[in-house]
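A quick write-up on the structure given underneath.
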Amino acid sequence: MAPLADLIRPKDLSEVIGQEHLLSEGSLFRQLIDSGTVPNMVFYGPSGTGKTTVARIVAEKSGMTMRRINATNASLADIKDVIGETETMFGSGGILLYIDEIQYFNKKQQQTILEYIEDGRIPLICSTTDNPYFSIYPAVLSRCSVFEFRPCSHTAISKALVRALGILDAKTLPENINESERAKAVDYISHAANGDVRR
């Protein structure tokens, strides 16, 4: 059986919780994505708010292959390897580069990315938990649309927990679950998560 986190990961923007200001029908973000184009974007916000999940969904909706690198341990060679894929069969539908924690890239590394997004070889989505106006090289930032992800409310996290319980195979759950106790557990966990769905 696949890990629960993989089983419950949203497959569509309508399943993502807690970011209604970005994902509701008619919002600027939804209009951009639904138009079929993927602009260069910065996702800014705390951990566990859906930044990577939304990037995955955007890539799938666009038909592109997403390549994810984490700036905490990636190098220029990793970036160039991804760029190299644009000229292979893997890049036939387009490659979307997702850089997690981009604030850990130094100026030279961010300048290298700039070269590739300027010539249109790849659309870029990057995420950061730091203020992008201080942590991202200005020339890169000026070519991206910034979208803020907010901490999830306990009500939103409760929805994710209930969804997870619904997805679990019935055999893995006790047969005599007390609904009142389950509701209390969901409420407790959703508050303890402190805005972070993964927690």
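Across region 26-37, what is the number of residues that are open to solvent by less than 30 Å² (accessible area, probe 1.4 Å), assigned to a loop (DSSP other than H, G, I, E, B) and not small (Gly, Ala, Ser)?
0
Only one entry in 86, 53 is surrounded by 13 or more Cβ atoms within 10 Å (Cβ to Cβ), modelled with pLDDT under 85 and hydroxyl-bearing (Ser, Thr, Tyr), namely 86.
Please work out if residue 94 is at pLDDT below 85 and on the phi > 0 side of the Ramachandran plot. Show your work before the answer.
Values: at pLDDT below 85: yes; on the phi > 0 side of the Ramachandran plot: yes.
Yes.
Candidates in region 89-106 are the residues that are open to solvent by 20 Å² or more (accessible area, probe 1.4 Å) and more than 19 Å from the chain's Cα centre (by Cα); of these, the one that is nearest to residue 137 (Cα to Cα) is 106. Of everything listed in (1) closer than 13 Å to residue 40 by Cα; (2) modelled with pLDDT under 85, the single unmet condition for residue 125 is (2). Give the residue that is least open to solvent (accessible area, probe 1.4 Å), with candidates limited to residues of region 147-169 that are under 25 Å from residue 44 (Cβ atoms) and charged (D, E, K, R). If we take residues in region 147-169 being under 25 Å from residue 44 (Cβ atoms) and charged (D, E, K, R), then 148 is least open to solvent (accessible area, probe 1.4 Å).
The values are calculated or read from the model by the stated rules, or taken from the named source; none is laboratory data. If you're wondering where the values come from, they're calculated on a predicted model, not measured in any experiment. We place every Cβ from the backbone using ideal geometry, glycine too, and count neighbours over all the protein chains shown. Calculation scope for accessible area: heavy atoms of the full protein, side chains included, ligands and nucleic acids excluded. Shrake-Rupley method; radii C 1.70, N 1.55, O 1.52, S 1.80 Å.
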